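J.: This is the structure I want to talk about, given as structure tokens.
Each reported figure results from applying straightforward, stated rules to the coordinates on display, with no laboratory input. From a predicted model like this one, the values you see are computed outputs, not experimental measurements. Cβ sites come from the backbone with ideal geometry, for glycine too, and all protein chains shown count toward neighbours.
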Amino acid sequence: MDLLLKNIGVLATPVGTAAQKGKAQGEILSIDNAMIGVKDGRIEYVGPADESLTASEIIDCENALVTPGLVDAHTHLIFGGWRQNEFGLKLAGVPYLDILRQGGGILSTVDSTRAESEKNLVKKGYDLLEEMMKHGTTTVECKSGYGLDYENERKQLLAAQELNKISPVDIVSTFMGAHAIPREYAGNREAYIDLLCNEMMPAIAAENLAEFCDIFCETAVFSPDESRVILARAAELGFRLKAHVDEIDPIGGAELAAEMNCLSAEHLIAASDEGISALSEKGVIAVLLPATSFYLGKPYARARKMIDENVAVAVATDFNPGSSPNFNMQLPMNLACLYGRMTPAETLTAVTLNAAAAIGREETIGSIEAGKQADLVIWNASDLDMIFYRYGSNQVKKVFKRGK
Ligand code: IZC
Ligand code: ZN
């Protein structure tokens, strides 16, 4: 073998190649005094310490906790500028959607992203990915949506494609041209939706620049009826579907995500009882973003009810320059336990296997099992509770991506 991790105090991992729901979400495998063997970037051995195993490189984990690498299944990683100039408005109590209505918010990031070169977006993304990796993240989903025209959406997606090549972190790309109505189409939303459906999405699909298509279904952004049209067209073009729904107002977004057979529904802070039942019936994965609730001063999504109703729950950062300028997965992990009333075991599954399933990678990552990619985190912690109980500092000691 190429690599042996020995003296693992506790190895904690979900098991399987599918999202875990209901009781199973909390039924993780925990092995004391474990060992992991890696060959060609894949896990070859996982189990109790076995002194007969050898490898060219041996890492002494000094009795620490080891988990799968964290999968951040929802980010808006690539953008120009930041939005610190809107922080004063936010502190003065101006709501997130009002800042957008005034032409700021997403639209101000669209201005700064359009003004940035692809090369600079790659450089900025690369530096962010390095930091994310130091905090335990080994795979990142990355949405466009700050171009809102063909050329600039494409520029963002090309930057993501380049980052997937040059960074050790794997990137999964999502087209999100339906993130807002761009300024030049204010008052003519039908024309922008037409442009999306008949020009932008077919071109992005033809160039294979994104696997997923996402939409911001929200008051003053895209209505459920508009979202239905766009998602239906995206499905027809071969995209797998995601949707930002019920983040701020309960407008039937969860119901729509279920109706459209989305792989995942994101946010769900204001999702109705009927919406949660619909997600459960259709097997839609709920991607919860508690760091956004924290930052916007909003309630937390009803994670407990979702798990109890057999919805597979994933947790991600929503890293973006407006509602969640944080890329450290450990913050939403703390919040999922403290305010989502999820257990540490359920939350571990939420940020590994279920997150992998939410981006179509459940066969290759998300758990520590023979055959899967050797994406691993060694923690500065002796057991699983520790990493959820402590907060505010980075508890990651060492990260492996494909055994490196
Ligand atoms: O830039 O504000 N919620 N989209 C939907 C975002 C947040 C990103 C942003
Ligand atoms: Zn988002």
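J.: Does anything in the range 205-247 have its amide N under 14 Å from the 7 Å Cα→Cβ label point of E118, and if so which residues?
T.: Within reach of a label on E118, which here means backbone N under 14 Å from a point 7 Å along Cα→Cβ, the range 205-247 contributes 207-210.
J.: Let me ask something else. Mind checking which of G69, G88, G283 has the largest fluctuation in a GNM of the chain, springs on alpha carbons under 10 Å?
T.: For the chain, modelled as a Gaussian network with Cα springs under 10 Å, the answer is G88.
J.: At a Förster radius of 22 Å, what calculated FRET efficiency corresponds to the Cβ-Cβ distance of Y150 and A220, to the nearest 0.05?
T.: It comes to 0.35.
J.: Pull up the DSSP beta bridges for the chain and report the antiparallel fraction as a percent, rounded to 5.
T.: Percent antiparallel among DSSP bridges in the chain is about 40.
J.: I've got another one for you. Taking the Cα centre of the range 71-358 as origin, sum charge times position over the Cβ atoms of Lys and Arg (+1) and Asp and Glu (-1), and report the length of that vector in debye to the nearest 20.
T.: Taking the Cα centre of the range 71-358 as origin, the dipole is about 660 debye.
J.: Sorted by packing (mean other beta-carbon atoms within 10 Å per residue), highest first, where do 163-175, 387-399 land?
T.: 163-175, 387-399
J.: Continuing with the same structure: Report, in whole Å, the centroid distance computed from the Cα atoms of the range 333-399 and the range 1-66.
T.: 13
J.: Next up: Run the helix sum for the chain: -39,500 (n - 2.57) per DSSP H stretch of 4+ residues, divided by residue count, reported at 222 nm to the nearest 500 deg cm²/dmol.
T.: -9500 deg cm²/dmol
J.: In whole angstrom, note down how far apart the Cα centers of the range 102-116 and the range 300-330 are.
T.: Here the two parts' Cα centres lie 25 Å apart.
J.: While we're looking at this one, here's another question. Sort 234-247, 51-64 by packing, meaning the average of other beta carbons within 10 Å per residue, with the highest value first.
T.: Peptide ranking by packing, descending: 234-247, 51-64.
J.: Can you give the angle from 0 to 90° between the axis of helix 224-236 and the longest principal axis of the chain, with both taken from C-alpha atoms, to the nearest 10?
T.: Value to nearest ten degrees: 60.
J.: Another question, then. Lysines near K90 by alpha-carbon distance under 23 Å, same-chain residues fewer than 8 away left out - which ones?
T.: K298
J.: Report, in whole Å, the centroid distance computed from the Cα atoms of the range 131-151 and the range 203-246.
T.: 17
J.: Continuing with this model, one more query. Could you compute the FRET efficiency for K398 and T54, with r as their C-beta to C-beta distance and R0 at 30 Å, rounded to 0.05?
T.: Taking R0 as 30 Å, the efficiency between K398 and T54 is 0.90.
J.: Pop out the ³J(HN,Hα) list for the range 361-367 in order, Karplus 6.51 cos²θ - 1.76 cosθ + 1.60 with θ = phi - 60°, rounded to Hz; leave Gly and Pro as x.
T.: Each residue's phi maps through the Karplus curve to give 10, 5, 6, 10, 9, x, 8 Hz.
J.: For the Cα atoms of the chain, what angle does the longest principal axis make with the long axis of helix 118-134, in degrees from 0 to 90, nearest 10?
T.: Orientation of helix 118-134: about 40 degrees from the principal axis.
J.: Right, here's the next one. What ranking of S367, S30 emerges when the number of other C-beta atoms within 10 Å of each C-beta is taken as an exposure proxy, fewest first?
T.: By the 10 Å Cβ count, ascending, the order reads S30, S367.
J.: Amide H to amide H under 5 Å from F319: which residues, 5+ apart in sequence or cross-chain, H placed 1.01 Å off N in plane?
T.: H76
J.: Continuing with the same structure: Take N261 and E236, extend 7 Å from each Cα along the Cα→Cβ direction, and tell me the distance between the two endpoints in nm.
T.: 1.6
J.: Now for a different question. Give me C213, C262 ranked fewest to most by other Cβ atoms within 10 Å of their Cβ, as a rough exposure proxy.
T.: C262, C213
J.: Sticking with this structure for a sec: For each of R189, R233, count neighbouring Cβ atoms within 10 Å of the residue's Cβ, then give the residues from fewest to most.
T.: R189, R233
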